[in-house]
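The values are calculated or read from the model by the stated rules, or taken from the named source; none is laboratory data. Computed from a predicted structure; not experimentally measured. Cβ coordinates were reconstructed from backbone atoms using ideal geometry, including for glycine residues, and neighbour counts include every protein chain displayed. Just the protein is used for accessible areas: all its heavy atoms, side chains included, with ligands, DNA and RNA removed. Shrake-Rupley method; radii C 1.70, N 1.55, O 1.52, S 1.80 Å.
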Amino acid sequence: MKLSNVRKILFITLSNIGDAILTLPVLSALKDSFPKASIDVVVGPRPQEVFRKDPRVNKVFIYDKHTGLKDKITFIKKLKAEKYDLAIDMKASFLPVLIRAKYRSALLPVARSGIKHKRLIHLESLRPFGLIYKQQKNIYIDDEARKKIENILQTSGIKNTDIIIGVCPGSKSHLKQWKKQGFADVINSILKNPQYKVILIGDTNEAGLSKKIAARIKQPGLIDLTGKTSLNELFALVEKFNLLLTGDSAGMHIASDLGVKVVAIFGPTDPEEYGPRGKEDIVIRKDLKCSPCKKAQCKFGTHECMAVISAEEVLFAIRKILG
């Protein structure tokens, strides 16, 4: 499909932070393809900060799926009045049709054979229009956030010569979380080297988990910043890491986009769909008949796919990447 005279674009992204990060290459491709076009974004309440300061974005419209029908109709009318030339929808909803965008992505996009990763599937929505994505970092980080993180690191006693390892122990689903003692054992081993510093990250809901892990750390050099940064500041913080240890989490997608090396622990979810994509990244998982189950609950009640992963193999992966 050939596009012409595209001046206003609506980009409809997803409602969770990690999922929204995975759609950012589409935003980059749209801006690169239409540098003079105005791009507005529809996003859920949680990931809105991803787009608020991004200079590629003109307006951010917050869509809350929990609002009533009257509010949703008002929202649709508001978007329709903008008269978009192109609407690209990561939700595959009827919204582009309802607002009567001149060009719009398919309701049921079909990925080419062999494409499984969500990041690549999202980019497939651009293929019918002949739009191409150029490999790049897609997360925008403002200077103010970078300065704030620099101050935090200096105040925490981190030197430029230190090796900073981020640890993101939480995840939206508890089934994707590795055991607390496993994280504690890995951190205690890492911090035996005084050149290493470990920073715990996550959102405010995960602060309790990080505190429980921090209570088991016997070595100096641990800094707990869980829930203590804004999302933009978290981006600037992750950018400073030499490596991130994590499960299947938003932190993993942030690190992967920014080119930070990742050791990712996977259990019920599929790394071929959601895993990190760096050449040096390592995914640790067990090849069990039930994994990846992609379920919200473990039907056996054992959580074996995560429970049997040892601290020793996680440490081996970290040392393999850091050398």
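Just need a number here: residues in the range 40-77 that are among the polar types (S, T, N, Q) and either within 20 Å of the chain's Cα centre (by Cα) or under 17 Å from Asp89 (Cβ atoms) (or both). Total meeting the criteria: 1.
Taking the condition out of contact with any Gly (no Cβ under 9 Å at 6 or more places or on another chain) and either of a type outside the set (D, E, K, R) or closer than 17 Å to Asn16 by Cβ (or both), does Gly247 pass? Taking the combined requirement at face value, the residue does not satisfy it. Residue pairs whose Cβ atoms lie under 6 Å apart, sitting 6 or more positions apart in sequence or on different chains, and linking a residue in the range 218-245 that is over 22 Å from Tyr140 (Cα atoms) and touching a residue at least 40 places away in the same chain (Cβ under 8 Å) to a partner that is among the charged types (D, E, K, R) and assigned to a loop (DSSP other than H, G, I, E, B), do not occur here.
Considering each residue of the range 47-69 in turn, at least one proves to be farther than 25 Å from Leu231 by Cβ and free of Cβ contacts under 8 Å to residues at least 60 places away in the same chain.
When Gln135 is tested against (1) at pLDDT 95 or above; (2) surrounded by 12 or more Cβ atoms within 10 Å (Cβ to Cβ); (3) of a type outside the set (Lys, Arg), just one condition goes unmet, and that condition is (2). Within the option set Leu288, Leu315, being surrounded by 12 or more Cβ atoms within 10 Å (Cβ to Cβ) and not in a loop (DSSP other than H, G, I, E, B) holds for one residue only, Leu315. Selection of first residues in the range 17-29 that are in contact (Cβ under 8 Å) with a residue 40 or more places away in the chain and of second residues that are among the basic types (Lys, Arg) and not in a helix (DSSP H, G or I), restricted to Cβ pairs under 6 Å at least 6 apart or on distinct chains, gives the following pairs, ordered by first then second residue: Ile17/Arg46. Selection over the range 165-179 of residues that are within 15 Å of the chain's Cα centre (by Cα) and either open to solvent by 30 Å² or more (accessible area, probe 1.4 Å) or of a type in the set (Lys, Arg) (or both) gives a count of 3. Residue count for the range 32-43, restricted to those that are surrounded by fewer than 19 Cβ atoms within 10 Å (Cβ to Cβ), outside any strand (DSSP E or B) and touching a residue at least 12 places away in the same chain (Cβ under 8 Å): 4. Whether a residue is surrounded by fewer than 24 Cβ atoms within 10 Å (Cβ to Cβ), at positive phi and either of a type outside the set (S, T, N, Q) or in contact with a Cys (Cβ under 9 Å, 6 or more places away or on another chain) (or both) was assessed, and Gly208 does not pass this test. Looking for something closer than 30 Å to Lys134 by Cβ, open to solvent by 10 Å² or more (accessible area, probe 1.4 Å) and of a type in the set (Val, Ile, Thr) - is there at least one such residue anywhere in the range 300-307? No; the residues of the range 300-307 include none that is closer than 30 Å to Lys134 by Cβ, open to solvent by 10 Å² or more (accessible area, probe 1.4 Å) and of a type in the set (Val, Ile, Thr). Candidates Lys91, Lys70, Lys77, Lys134: the one that is out of contact with any Leu (no Cβ under 9 Å at 6 or more places or on another chain), among the charged types (D, E, K, R) and not in a helix (DSSP H, G or I) is Lys134.
Checking the range 296-309 against the condition returns no match, with no residue being assigned to a helix (DSSP H, G or I) and either in contact with a strand residue (DSSP E or B) (Cβ under 6 Å, 6 or more places away or on another chain) or at pLDDT 95 or above (or both). Somewhere in the range 237-250, is a residue of a type in the set (Gly, Ala, Ser) and touching a Pro at 6+ places or on another chain (Cβ under 7 Å)? Looking for residues that are of a type in the set (Gly, Ala, Ser) and touching a Pro at 6+ places or on another chain (Cβ under 7 Å), one finds none in the range 237-250, hence no.
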